[in-house]
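Comments concern the structure below.
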Number of protein chains: 2
Amino acid sequence: MDETQGSVGTTASLSLRLGQAIFSSAALLLMSVGVEFYSYTAFCFLVTIMGLVIPWSCTLAMFDIYSAFSGCSLRLPGLMVIVVIGDAVLSILSLAAASASAGVIDVLLHFDRNYCPPKFCGRYQLSTAMAFLAWFLTAASSLFNLWLVASW
Amino acid sequence: MDETQGSVGTTASLSLRLGQAIFSSAALLLMSVGVEFYSYTAFCFLVTIMGLVIPWSCTLAMFDIYSAFSGCSLRLPGLMVIVVIGDAVLSILSLAAASASAGVIDVLLHFDRNYCPPKFCGRYQLSTAMAFLAWFLTAASSLFNLWLVASW
């Protein structure tokens, strides 16, 4: 089972990490640049979590690149447990943040037209969609690594 | 690894299922009886998902009771895969519904005092807290069963 695709050190894992970094950066930029996100707790939560996902994914992407080029496996039991727990926590927090933001946007669209001009609301929606994609990829990474750890 | 506590057929699993059924019923009743939940998509979503978690948890609790009393193991590979996927999907949806409701309640508390009299808002908050507890137990069941399947 050492060849589990998507677990640390494989090219599939590198693709997942790059996808996470791209989508979380897009969510962070769309939500934080030129938009008044700090009025809503859910949007602040989304920005915070995306700000945590970016360095996490970039660090693990570098691990994957190192593994791919050097041929050294970094699958030490302690490290794998940290990766699985980190991925699981971040994917839970990403889903919670994206869902909370989606709930808030729904309320803003239906009840508070004044608080949500189309230009802002479009960006909130796009940012939330990106956060959902980042969540999906983080959850996939977590599952692949958990599968590897469980099958040892 | 057949003795994984928390996987189908163990007493720990029965406790988890009963907890899920109790918390999701509480969330459903607090949100749907005497409160205008249907004005907000997030609250309708919460009620729908809690309405799915209740029969799912009760069915699996009956499986656990049958296993405990008859001594027959119900850990067939096909059944276990269905249980793991069902638990994973329901836990993701529960977390999404609870987070979306929490986001909506935050907006209602801060911006829309007219829409959220204390009596209603207290029940929305309690219902969301119960939904988070139901999510936590569903996620635990899913993880224990996934661990069992992965270690076969």
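Laid out as a table, the results:
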quantity: Segment A:Glu36-A:Ile82, length gained on full extension (0.36 nm per residue, minus Cα span); calculated: 13.0 nm
quantity: Per-residue HN-Hα couplings for the range A:47-58 [Karplus 6.51, -1.76, 1.60; θ = phi - 60°; Hz; x = Gly/Pro]; calculated: 5, 4, 5, 5, x, 8, 5, 4, x, 4, 5, 5
quantity: 7 Å along Cα→Cβ, label-point gaps from B:Ile85 to other copies, nm, shortest first; calculated: 3.2
quantity: Teacher prompt: A:Ser73 distances to equivalent labels in other copies, 7 Å Cα→Cβ, nm; calculated: 2.8
quantity: Simple Cβ-charge dipole of chain B, Lys/Arg +1 and Asp/Glu -1, about Cα centre, in debye nearest 20; calculated: 240
quantity: Histogram of C-alpha separations across the range B:11-150, 5 Å bin width, %; calculated: 2, 11, 20, 21, 15, 11, 8, 6, 4, 2, 1, 0
quantity: Chain A - percent relative contact order, Cα under 8 Å, separation 6 or more; calculated: 41
quantity: Most to least packed among A:51-60, B:69-78 [average Cβ atoms within 10 Å]; calculated: A:51-60, B:69-78
quantity: J(HN,Hα) series, the range A:120-136, from Karplus relation 6.51 cos²θ - 1.76 cosθ + 1.60, nearest Hz, glycine and proline x; calculated: 5, 4, x, 6, 4, 5, 4, 4, 5, 4, 5, 5, 5, 5, 4, 4, 4
quantity: Value of [θ]222 nm, deg cm²/dmol, for chain B, DSSP H segments ≥ 4, -39500 (n - 2.57) each, nearest 500; calculated: -28500 deg cm²/dmol
quantity: Ascending list, in nanometres, of distances separating the B:Leu29 label from those of the other copies (7 Å, Cα toward Cβ); calculated: 5.1
quantity: Euclidean distance between Cα centres, the range A:74-138 to the range B:105-152, Å; calculated: 16
quantity: Among B:Ser7, B:Thr59, B:Phe37 - extreme Cα towards positive end, dipole of chain B, charges at beta-carbon; calculated: B:Phe37
quantity: Whole-Å distance, taken between Cα centres, linking the range B:5-53 and the range A:1-32; calculated: 32
quantity: Value of relative contact order over the range A:25-98, rounded to a whole percent, pairs C-alpha under 8 Å and six or more apart; calculated: 37
quantity: Over 26 Å [Cα-Cα, the protein assembly as shown], rounded percent; calculated: 51
quantity: Calculated FRET value between A:Leu74 and B:Ser73, using beta carbons and R₀ = 35 Å, to 0.05; calculated: 0.35
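No lab work stands behind these numbers, since they all come straight from the coordinates. Computed from a predicted structure; not experimentally measured. Cβ: placed from backbone, ideal geometry, glycine included. Neighbour counts: every protein chain shown.
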